[in-house]
Amino acid sequence: MMFRKLGLAAVAAATLAGSVAATAPVAAQEQFVPLLVYRTGPYAPNGIPLADGFNDYMQLVNLRDGGIDGMKYAWEECETQYNNDRGVECYERLKGKGATGASIVNPYSTGITYALIERATNDKVPVLSMGYGRADASDGTVFPYVFTMPITYWAGADVMVQYAKKESGGSLEGKKIALVYHDSAYGKEPIATLERLSKEEGFQFSSYPVAHPGLEQKATWLQIGRQLRPDWVFMWGWGVMNSTAIKEAASVGFPMEKFIGIWWSGAEADVTPAGDSAKGYKSLNITGVGTEAPIFRDIEKMHADGKGLADKANIGTVLYNRALVNAFYYTEAIRVAQGEFGTKPLTGEQIQWGFERLDVTQEMIDNAGMTGLLSPVKITCADHEGGGSAVVQQWDGSKWSAITDFIAPRRDALRPAYEESAAQYAKEKGLTPRSCN
Amino acid sequence: MNPTTLRFGIWMLATPLLIATIGLGFQGLAAVNSAMFFTWGYFVEVLIAGLLQGVLYSLVALGFVLIFKASGVFNFAQGSMVLFAALTLVGFIEMGLHWTLAFVVTAGVMVLLAMVIEKVVLRPLVNQPHIILFMATIGIFYFLDGFGQTLWGSDVKLLDIGIPKDPRFILEGIFEGGILVNSFDLVAALVGAALVAVLALFFQYTRVGRALRAVADDHQAALSVGIPLKTIWVIVWSVAGIVALVAGIMWGSKAGVQFSLALIAFKALPVLILGGFTSIPGAIVGGLIIGAGEQVAEVFVGPLVGGAIQDWFAYMLALVFLLFRPQGLFGERIIERI
């Protein structure tokens with residue numbers, strides 16, 4: 001009985017402590033950012049380094065710089081477990097917090113992004129879906145509160161084709177390209193672009209859906225490796241689907257050098273479980289790899305002082321770096337907005353104004369100590385993608401290394417596709433696109 | 001002749017005929033539909049891959065069968081036991097233990113876990129309706145899921161105990177280009193088959209096995225004839241834990257040790273529906289049918305209907321069997337007087 005009472009007391013104490021931590025007051029002069037994270041659940045191996053990167057960057061801004069021109073960050077995590085319903089619940093719970101409500105929301109899930117677009121637009125909260133979500137949301141006339149920089153899935157598909165073409169001696173005529181994709185809105189994003197490119201470049205395109213979570217792909221890889229025998233395989237995978245695909249590809253003898261994943265199929269957690277099978281596997285990345293950039297010296301110092309918030313093992317990993325770049329984007333957008341509205345907690349509407357005037361130059365990147373971590377972008381009222389690029393990286397069995405410079409997608413063909421799709425969305429929703437002239 | 005043996009005999013004769021008929025059907029379809037690809041070598045290759053995959057499903061299904069046989073309870077926590085066992089094994093390996101020693105220590109942990117579950121969860125619920133015990137196993141699922149990750153972390157962990165993974169070609173003289181078989185799948189199938197054989201013997205020929213069956217029939221009646229219910233439950237949960245450990249090793253070696261392993265339990269459901277919840281041979285035959293059926297369906301039917309059909313196809317196949325044999329292929333027919 002004594003044991004039971006002690007147990008109940010411990011549970012009560014832990015619950016109380018948890019609720020106190022979760023409702024810590026935000027000071028009136030702080031810029032509040034809700035963090036939708038997934039530190040538990042099937043995608044936790046990807047979610048943890050992402051969440052760590054956000055925490056470390058905002059902590060660094062607060063400690064090293066005293067905030068954004070003196071305006072410190074306040075933030076709170078909410079666990080989504082990568083579930084759409086939980087993501088919406090987290091957004092609703094946190095959007096009213098802080099002096100001016102949520103500054104921005106980073107859903108880190110294409111499904112949650114889809115679920116939040118209308119809500120956040122109505123609430124005037126910018127959604128930064130960096131390298132995920134709807135590609136057509138790059139059209140700022142229809143999606144004023146959604147930002148897709150530095151690059152969309154459609155643009156990623158174009159970069160992959162460009163790379164495969166170069167590696168195939170400058171032509172894909174008569175080649176076979178297979179797409180293995182997560183059978184979800186996310187996985188289907190590149191299909192239309194690849195179908196268009198197959199006609200333009202003359203390659204044969206085949207697609208293979210994989211049901212969530214993607215633990216079983218034997219049948220898929222028997223079709224690819226033993227029947228189709230393609231020249232290249234592209235992958236739009238997520239979580240356990242990635243490592244399973246790499247293993248199954250190896251089991252049918254498909255060469256890893258011809259296997260390229262999108263940037264969500266190219267983290268350490270995607271290749272480590274596949275062991276030696278993953279050597280040579282390639283993926284796109286929208287951010288740089290490693291800890292060479294000068295900002296990492298500041299992060300290391302912060303951790304040496306015992307003030308870092310991330311697990312040290314995650315520093316410099318692909319997804320940690322991606323979160324650093326993500327936080328850098330909105331920090332700079334807030335800085336731009338402060339120039340117009342003053343150094344005070346800003347509303348989402350004011351930060352959206354800052355985003356639409358965000359011009360991340362190479363000089364700005366260097367000054368922030370982030371050289372090599374990202375490519376320049378320039379956002380405008382109409383263009384919410386900003387002209388970013390992607391690199392191809394390769395796994396050598398222990399680390400990722402970039403094997404190309406940043407490759408720019410051919411946006412002359414992509415932009416009309418964004419606009420056409422966005423116009424269709426506007427028609428379905430009864431929206432009148434705003435003028436950006 | 002024993003009815004089970006008779007059923008096995010009929011299946012042994014009927015199965016090759018059924019497979020050949022299905023193959024001929026696909027060959028005919030391919031002749032009229034150029035989008036469909038068919039050669040007999042490819043068909044056999046897909047079939048073998050499916051059968052080997054099916055053994056891995058059977059490994060997970062076995063854990064369910066063991067507990068259902070002994071307590072009449074569907075153990076919702078079996079998937080999280082697979083994850084917990086695999087996480088614990090990798091944790092000990094990362095501490096520097098050789099994998100064989102880590103296996104023994106982890107087996108000990110699973111026995112300890114069985115004792116704790118019996119004392120904390122099952123004992124207070126003796127003679128409660130089965131639905132109450134089922135609900136308790138849902139609680140165990142969530143506890144183990146969180147506890148395992150709290151203890152060992154949420155990172156994806158590599159599990160490599162030296163099982164070869166190279167692709168190899170067989171029957172090159174019969175089929176052009178040979179039949180591709182993965183070494184890992186062969187080893188997994190052998191381990192699964194050995195485990196099933198040991199368990200079948202254990203249940204059939206040992207006193208403990210007979211006692212387990214008596215407990216499954218009626219808790220109170222078993223207690224009245226002196227069968228120690230607590231001990232039986234500890235034994236059966238321990239064996240299910242060790243089966244979970246073996247399943248965790250096989251699936252963990254395939255996909256890495258991570259949360260998604262707990263979801264493997266859902267693959268065992270159609271196997272159980274098909275094979276019967278109380279039959280160990282049923283679990284293995286069910287696994288083979290589901291494994292082969294879903295692979296063949298995905299490869300030959302999938303492209304005609306958009307693909308990614310193997311998950312729901314497994315359940316559909318199980319439901320079709322359910323229409324004709326509600327107790328599963330090898331399950332016990334339940335007759336109750338009103």
Given the options B:A61, B:A70, B:A30, B:A20, name the one that is within 14 Å of chain A (Cβ to nearest Cβ), among the small types (G, A, S) and either crowded, with 22+ Cβ neighbours inside 10 Å or more than 22 Å from B:I273 (Cα to Cα) (or both).
B:A30
Can you tell me which of (1) surrounded by fewer than 21 Cβ atoms within 10 Å (Cβ to Cβ); (2) out of contact with any Leu (no Cβ under 7 Å at 6 or more places or on another chain) is the one B:N182 doesn't meet?
(1)
Residue pairs, Cβ under 8 Å, 6 or more apart or interchain, first in region B:120-137 and among the hydroxyl-bearing types (S, T, Y), second in a loop (DSSP other than H, G, I, E, B) and surrounded by 14 or more Cβ atoms within 10 Å (Cβ to Cβ). List them.
B:T137/B:V73; B:T137/B:F74; B:T137/B:N75; B:T137/B:F76; B:T137/B:A77
Step by step: first the residues of region B:40-58, then only those that are of a type in the set (F, W, Y) and within 13 Å of chain A (Cβ to nearest Cβ), then the one that is farthest from B:H130 (Cα to Cα). Which residue is that?
B:Y42
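Quick one: which residue in A:E195, A:E216, A:E257, A:E201 is at pLDDT below 95 and either surrounded by fewer than 23 Cβ atoms within 10 Å (Cβ to Cβ) or in contact with a Lys or Arg (Cβ under 9 Å, 6 or more places away or on another chain) (or both)?
Testing whether each residue is at pLDDT below 95 and either surrounded by fewer than 23 Cβ atoms within 10 Å (Cβ to Cβ) or in contact with a Lys or Arg (Cβ under 9 Å, 6 or more places away or on another chain) (or both) leaves just A:E216.
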Could you tell me which residue of region A:266-303 is surrounded by the fewest Cβ atoms within 10 Å (Cβ to Cβ), considering only residues that are in contact (Cβ under 8 Å) with a residue 40 or more places away in the chain and among the basic types (K, R)?
A:R297
Which of the residues that make up region B:249-264 are within 18 Å of A:G239 (Cα to Cα) and either acidic (D, E) or in contact (Cβ under 8 Å) with a residue 40 or more places away in the chain (or both)?
B:W251, B:G252, B:S253, B:K254, B:G256, B:V257, B:Q258, B:F259, B:L261, B:A262, B:L263, B:I264
Conditions: (1) hydrophobic (A, V, I, L, M, F, W, C); (2) under 17 Å from the mean Cα position of the chain (by Cα); (3) surrounded by 15 or more Cβ atoms within 10 Å (Cβ to Cβ). B:L212 meets all but one. Number of the miss?
(2)
Check A:W154 against each of (1) touching a Leu at 6+ places or on another chain (Cβ under 6 Å); (2) modelled with pLDDT under 95 and name the one condition it does not meet.
(2)
Restricting the search to region B:135-167, which residues are within 10 Å of B:A77 (Cα to Cα), in contact with a Phe, Trp or Tyr (Cβ under 7 Å, 6 or more places away or on another chain) and either within 13 Å of another protein chain (Cβ to nearest Cβ) or surrounded by 15 or more Cβ atoms within 10 Å (Cβ to Cβ) (or both)?
B:T137, B:F141, B:L144
Counting only residues in region B:174-184 that are assigned to a loop (DSSP other than H, G, I, E, B) and either within 11 Å of another protein chain (Cβ to nearest Cβ) or at pLDDT below 85 (or both), the one nearest to B:V109 (Cα to Cα) is identified as B:G178
Does B:F300 satisfy being within 30 Å of B:V90 (Cα to Cα), out of contact with any Lys or Arg (no Cβ under 8 Å at 6 or more places or on another chain), within 11 Å of chain A (Cβ to nearest Cβ) and touching a residue at least 60 places away in the same chain (Cβ under 8 Å)?
no
Residues within region A:222-253 that are more than 10 Å from every other protein chain (Cβ to nearest Cβ) and part of a loop (DSSP other than H, G, I, E, B), tallied:
5
Only one of B:L171, B:L190 is at positive phi and more than 11 Å from every other protein chain (Cβ to nearest Cβ). Can you tell me which?
B:L171
With the condition kept exactly as written, say whether any residue in region B:280-291 is farther than 30 Å from B:T150 by Cα, touching a Gly at 6+ places or on another chain (Cβ under 7 Å), more than 12 Å from chain A (Cβ to nearest Cβ) and surrounded by fewer than 21 Cβ atoms within 10 Å (Cβ to Cβ).
no
Among (1) surrounded by 20 or more Cβ atoms within 10 Å (Cβ to Cβ); (2) away from chain A (no Cβ under 14 Å), the one test that B:Q327 misses:
(1)
Looking at A:W221, A:W236, which one is surrounded by 23 or more Cβ atoms within 10 Å (Cβ to Cβ), of a type in the set (F, W, Y) and under 22 Å from A:P409 (Cα atoms)?
A:W236
Quick one: in region B:92-125, of everything that is of a type outside the set (A, V, I, L, M) and over 24 Å from the mean Cα position of the chain (by Cα), which residue is surrounded by the most Cβ atoms within 10 Å (Cβ to Cβ)?
B:F92
Looking for whichever is within 14 Å of chain B (Cβ to nearest Cβ) and either not basic (K, R) or not in a loop (DSSP other than H, G, I, E, B) (or both) here; the options are A:L309, A:L319. Which one fits?
A:L319
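Can you tell me which residue among A:G133, A:G169, A:G111 is in the same structural domain as A:P45 (by TED's automatic domain parsing), part of a loop (DSSP other than H, G, I, E, B) and either out of contact with any Lys or Arg (no Cβ under 9 Å at 6 or more places or on another chain) or surrounded by fewer than 19 Cβ atoms within 10 Å (Cβ to Cβ) (or both)?
Exactly one residue qualifies, and that residue is A:G133.
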Looking at (1) buried (at least 20 other Cβ atoms within 10 Å of the Cβ); (2) within 8 Å of chain B (Cβ to nearest Cβ), can you tell me which one A:I262 breaks?
(2)
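The values are calculated or read from the model by the stated rules, or taken from the named source; none is laboratory data. Since the model is a prediction, treat every value here as computed from it, not as a measurement. No Cβ is skipped: glycine too gets one built from the backbone with ideal geometry, and neighbour counts run over all protein chains shown.
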